[in-house]
Each structure stands twice: as C-alpha cells, then as structure tokens.
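The values are calculated or read from the model by the stated rules, or taken from the named source; none is laboratory data. The structure displayed is predicted, hence computed values, not measured ones. Ideal geometry is used to build each Cβ from the backbone, glycine not excepted, and the neighbour counts take in all protein chains shown. Note: areas computed on protein heavy atoms with side chains; ligands, DNA, RNA excluded. Shrake-Rupley method; radii C 1.70, N 1.55, O 1.52, S 1.80 Å.
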Amino acid sequence: MNLTPSSCNTFCLRKMFFTCSFLTVFQLLAYITLAQNGLERFVTFGVFTPEEIALKSVPFEKDADAVIIHHLAKSDFNDQNNLITEHRIKLKILNEKGISNGDVHIRFYHKDDFEFLSGINAVIRTPEENGQSTTTQINRKSIYTIKINDRISETRFAMPNVKTGSIIEYMYTSQMKHYGGLDEWSFQSYLPTITSFYKLSIIQNAEFAFKVYKLPNLPIDIDTKQVGQVSYTMHNIPALQDEAFMDARRDNLQHVSFQLSGINRNGFKEKYINTWDEAAKELLITPELGGQLNKKLSGTDDIISTAKKIGDLTERTKVIYDYLQQKMTWNGNYGKYSIEGIKKAWEKHTGTNSEINMIFVNLLQQADVNACLMMANDRDDGKIDIQYPFIDQFHKLVAYITLPSKPLIVDASDINTPMHLIPLSLLNTYGYKIDKKNKGLLLLSDETSKASNLITIKGTISDEGELHANAIAESKNYCRLERVIKYKSAGTPGFLQNYYTNGYADLNIDSLELINLDNDSLSLLQKMNFTQTLNTSGEFIFVNYHLFSRLIKNPFTNNLRFSDINFGSTLNTIIIQSLQIPANYTAVELPKNSRMETADKSLMFSRFLQLENGLLSMKFQFETTRSFFERDEYEMLKDFYKRMFLLMDQQVILKKK
C-alpha cells in the first residue's frame, strides 16, 4: 500500500487568503500526546478537561460565539473494502449567539445506498448557577433523518440544556460502498477550530495522490511514516465566514484533497490519469461520454440537412440550438456521463445536463460545425486546480463551439442564457475541452460583455418635496440576463423590490412595462412611473443623484479579506436625471463634479451635476473593466469603494429662496 504525494512535492501550497498572524499551539492542546497515532491520542469521548472547562474565548479569534475544540476522524476499510470513517466533534458555546450550534446536522449521500450513518452518540456538559455542572447524554429517540433531495439526506438532533459555557461532543460513523467516496478533508469551518486531525488508511494495492491547500503561515503536520497510512493535523484555524462577491466556500477552505492514482494488479502497476491530455484521451474513448458523439439520433436528418444549407456558421449553430431547445428539457441532474445513452434521452425528450450537451455537440458535428464537449464547474461547486489533473473536480459538461467570429461556450440545458453569453455560473472558472485536436484548459471569462445598465429619469419636484417621475432602464448582456431570470422567478413585486425599491424609503412605483423580455438579442427595456417623498428639513430638500444605482451599502469595509473578489462580469452603470425643481428653490451648493479611477483603470467613478433655469441635470457612472480581483488587491479595492461612497453620501441640497 502506497500513498503518493502530488506531482510537485510531498504536499503543495496553494496561495490562499489569510493575512492575520496566528498564536502558537493553544495551551488547551497540552493533553495531546504526539507520539501516539489515531484517535487514541486524544482524551476519551465524553471527558472534559480543566482547560476546556476554563476556556472563555479563542485567542486567535476573540469575537467567536462558539469554537470547535477538535474535529477528529480516521478512515479505514473492512473486508468488503468499504470506506469507513469515524468522526468525533467537540465544541464549546462561548456566548448566547453561539447557542444555535447545539442543533447538529450531519449530511450524507444516500442515493443507491452509497452511504449510511451509524454509531451516533452525543453528550453535553452544562454549567449551573450553583457552580456545579450537569452532564447529559443524548436521547436516541431525538435523533431523526430527513431527505434533502434525491441524493442527499441529513441526520439531525438537538442537544438539551444548551447555554453559554456548554461543551458538546458527538460522534458518528460513516460507511460508504467504496473508496470512490474519498474526496477531501476540510480543516476549516464556520467556527474557529483549535485542532483538526484526520488519519487515512489506504486499501490494499491502491495508490492515492493527495494535495494540501492551505496558508503558508498556517502549519500542518503530515505523518506518512506508517506504510499505507497518512495523518494530517492542523491547529488554531480561523473560521471562514461568507464575504461579499466570494466564490464557493470550498475554494477558500483549508483542506486536503485525494484521488486514486494507481492500482497494482497481479504484480503490474496500472496508473491512472496523470495529465490533462491523458484525461481527454480517456474521456473520448469512454462509451458513456465520447462514445455518444457518433450516435445516430432518429428524426434528425431534416434539421441537419436544413442547417448545412446555411452558410453563416453562427446562424447554423443557432438553428441547431433552437431546434434542441424545442425537443429537449433538462431533468435537473448533472454529471459527465450518459449511463443509458443519449438515444434513450432523445426518445424521452428529457435528459441530464451532460446528455443534452452531448446531443447538442452530436448534432453540430453532423452539421459540419466545429464543436466539442467541455468539462466545467459552476462557481458554487468550487474552482478546479489546474495543476492537478483530477477529472472528478468537474461536475458537468457544456459545449465549446469554434466559430469565425468568436468561440462560444454554451450550456444547452440552460434555457435562460442566450447562446452568445457564457453562463453566469461559469464566469471566471476553468473548463477543459475534450477534443483530439483542440484539447486543453481554458479560463472562461468575458470582460467585453459588460453588465450594462443605462437609466434615464425625467421628473418634477414639488414645493413639498414630492418627486414625480418616469424612468426608462436599458439593460444589456449579463445585466439583462440577471433581470430576466429574476422577473420570471419572482414576478413584478420581487423584481421591483430587488432592483428599484430596496433601500429607498417612501418610493412607490406606479407602473412597470417590460419590453423585449423574450428577445435576447435586444436590450431589456423597463419603463416605470414612480413617486418618491424626498428627505426634507425645514426649508431644505435633499436629492439623490444616483437613484437606482443599487449601491446602497459599501460591501468592502472589513479590515481583513479572506477570499478573492469575483464580480462575475464587468459592469457599467449610468444614471442620467433631469429634474425640474420648484421655482422658489435653488441649490445651496452642488456637489463638485468629479472623476476617480484606479491606477490600472479597472474601477472608475464619475459624477456631473448642473442647475440651469430651474432644471437640475445629474449624471452618475460606475464602471469596471475587470471582473476578478485577487485577495492581495483588496486594500486597493477597499480604498476606492471608501472614497466613492464618501462622494455618494453627498446629496444635492435645495433651499427655499
């Protein structure tokens, strides 16, 4: 049994996101005997040490509401080579806000009986007012399981008598059918963690590659001294909270990932995929993937013949795309393979994400359009590591189409995204083209298709400070796409709340008309009539020059940033207002016209204001030329937003003559 390190080192460092300094190993860990291996090196389950009882706060995260004292686990196998993982989690409630952590939820993969949980036990130590404490074991009747979806279930239980100072420890065992369920171990969670320990035993004749993703200044102990086993220990790991414009949590967690890299069979070593090129070759000959591209689909001769007669390849592609949209519906499932084959899906007129895109590429190739399949991941699933050729990092398939104008990345199972736009969920992720001649990794970005929104407002302000106006918003590209999806899912009330009324007191929209809702080649026009009671004070009226900008609150105010900033697409928002002010009012002093931008011109803000003959003219613009900023650029971005919001806080003040 061997455990193979990643291709570059015993373990690889990935550039991550924490800049805060960490203390040395916390004194609470003094009871650990490093000379031992496995869970036996820690105190017995249900035993609470004096250090744990005395713990009031976390030195490396003093404002924490609760803390994970330890998450310990070890994975082993039985005679059937099932993957069996024992977990022990101990946590302490530090204040009232942390009491909700007494509700425990454990998710597992139930589909095809792949995984089940057993051996659930829990105990809680709660301090009493008299200085004593009570220790209570969970009532097994209070443990129940619910089905989340067709793949995932969740076992739940609530600890009794949870209060500030309570210490909870619970344990359970996960059994999976095979080691294919071995994915990764996360050292980090929503709560700060004092100790995270994981030990893995490898099944006979198998080799696993592993890679550690962590901060350079966060130490890890990796022990590979025992043949066929490896253990990982990390201490004092800060919590990872959700942040504005943050990618998937998985991208930012400290974790170690695993993949089967080889098996010894009868004295011969069978190596698994080690490069992306090998991955492409393997997938092209896989019957459930590449083997589907040459399948003949019944009833498609006419559409292929019609498409071939169209000289413009973009239009030819659009004809095939529209035809497929009419014939197939997505069943809501993802994956990279067609287990039953695309012929079956074609006959049923419904299929998985992969099957619909296989059919799309199949038809395009028959119509002499240069197209291939591409492995991809939604941002919520986490970015793939391009240095590590793990096929299982990808969860879906899309189509990559080479056209004279520009290549297209199309998810034919997505009914909302027009063919000329990369799906929003894929922006700033990596895809891998599965093709004999044109294979390879590709960053999926589109900085030219800005999320553009031009809003023109014309109105009149009354002596009492009432604004009566009409507005026309012209939304293009990703701005149009987001708004169409929102309108179709939330209707008029939800649409107006999300884009126009949220954050504005005393603003009422009397009417809304949407134009070009079903024509994705044109801008989405939104025509509105509205009234707003402006802020007044005595003889003063206050006017907002960036109404409907949706820049209500600065999202970048934290001193520390733990993740990269991903806006998805570039942005251009322009708001032009022409307001007739009351004849007996004038401006005290208009905010000065200004323009500011970053050194690399990736962020730009400008405003122009003018009052002439009672007509108040105002123009606001905010534009980005980049959609992705690394965590190291946070200070630059934070400073720009701070200065921009200071300018935006300035209002036009009208005073009665």
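For this structure, a couple of remarks:
- Within the stretch 434-469, the residues that satisfy the criterion of being touching a helix residue (DSSP H, G or I) at 6+ places or on another chain (Cβ under 9 Å), in a strand (DSSP E or B) and open to solvent by less than 20 Å² (accessible area, probe 1.4 Å) are ILE434, GLY440, LEU444, ALA451, ASN453.
- Counting only strands (runs of 3 or more DSSP E) that sit completely within the stretch 1-95, those holding 1 or more residues that are at pLDDT 50 or above, open to solvent by 40 Å² or more (accessible area, probe 1.4 Å) and under 30 Å from ALA122 (Cβ atoms) correspond to 66-77, 83-93.
- The strands (runs of 3 or more DSSP E) located wholly in the stretch 561-657 include none with 3 or more residues which are under 30 Å from LEU215 (Cα atoms) and touching a residue at least 60 places away in the same chain (Cβ under 8 Å).
- Output for the stretch 442-499, where each listed residue is polar (S, T, N, Q) and farther than 28 Å from ILE409 by Cα: THR456, THR460, SER462, ASN470, THR492, GLN497, ASN498
- Just one of the numbered conditions (1) without any contact (Cβ under 8 Å) to a residue 60 or more places away in the chain; (2) assigned to a loop (DSSP other than H, G, I, E, B); (3) open to solvent by 60 Å² or more (accessible area, probe 1.4 Å) is not true of SER338: (3).
- Qualifying positions in the stretch 209-221 - surrounded by 15 or more Cβ atoms within 10 Å (Cβ to Cβ) and more than 15 Å from LEU182 (Cα to Cα): TYR213, LYS214, LEU215, LEU218, ILE220
- Flag if MET618 is under 30 Å from ASN428 (Cα atoms), surrounded by 15 or more Cβ atoms within 10 Å (Cβ to Cβ), at pLDDT 95 or above and among the aliphatic types (A, V, I, L, M): no
- Once the stretch 342-368 is narrowed to residues that are of a type outside the set (Asp, Glu), part of a helix (DSSP H, G or I) and open to solvent by 20 Å² or more (accessible area, probe 1.4 Å), the residue that is nearest to ALA412 (Cα to Cα) is GLN365.
- Test: LYS553 is in a strand (DSSP E or B), open to solvent by 20 Å² or more (accessible area, probe 1.4 Å) and over 21 Å from GLU464 (Cα atoms): no
- Residue count for the stretch 470-508 under the criterion of being in a strand (DSSP E or B) and surrounded by 15 or more Cβ atoms within 10 Å (Cβ to Cβ): the result is 7.
- Looking across the stretch 96-111, the residues that are touching a residue at least 60 places away in the same chain (Cβ under 8 Å) and either surrounded by fewer than 16 Cβ atoms within 10 Å (Cβ to Cβ) or of a type outside the set (Ser, Thr, Tyr) (or both) come down to GLU96, GLY98, ILE99, ASN101, GLY102, VAL104, ILE106, PHE108.
- Applying a threshold of 7 Å to beta carbon distances and a minimum spacing of six or more residues, or different chains, the list of pairs starting in the stretch 163-177 at a residue that is among the acidic types (Asp, Glu) and ending at one that is not in a strand (DSSP E or B) reads GLU169/PHE45; GLU169/GLY46.
- The residue of the stretch 509-518 that is nearest to GLU482 (Cα to Cα), among those that are open to solvent by less than 60 Å² (accessible area, probe 1.4 Å) and outside any strand (DSSP E or B), is LEU517.
- Condition check for SER189: at pLDDT below 95 and among the hydroxyl-bearing types (Ser, Thr, Tyr): yes
- Selected residue (criterion: nearest to ILE457 (Cα to Cα)) from residues of the stretch 526-543 that are in contact with a strand residue (DSSP E or B) (Cβ under 8 Å, 6 or more places away or on another chain) and either part of a loop (DSSP other than H, G, I, E, B) or among the hydroxyl-bearing types (Ser, Thr, Tyr) (or both): THR531
- Only one of PRO423, PRO418, PRO404 that is open to solvent by less than 10 Å² (accessible area, probe 1.4 Å) and either over 26 Å from ILE565 (Cβ atoms) or not aliphatic (A, V, I, L, M) (or both): PRO423
- Pairs linking a residue in the stretch 277-293 that is buried (at least 17 other Cβ atoms within 10 Å of the Cβ) to a residue that is among the polar types (S, T, N, Q), with Cβ atoms under 6 Å and 6 or more positions apart or on different chains, are GLU288/SER338; GLN292/SER338; LEU293/ASN362.
Residues are listed down the side, and each one gets a yes or a no for (1) among the hydrophobic types (A, V, I, L, M, F, W, C); (2) under 25 Å from TYR430 (Cα atoms); (3) in contact with a Gly (Cβ under 8 Å, 6 or more places away or on another chain):
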| site | (1), (2), (3) |
| --- | --- |
| ILE320 | yes, no, no |
| LEU324 | yes, no, no |
| LYS327 | no, no, no |
| GLU347 | no, no, no |
| ASN353 | no, yes, yes |
| CYS372 | yes, yes, no |
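- Among (1) open to solvent by 30 Å² or more (accessible area, probe 1.4 Å); (2) touching a helix residue (DSSP H, G or I) at 6+ places or on another chain (Cβ under 6 Å) - the single one ARG626 does not satisfy: (2)
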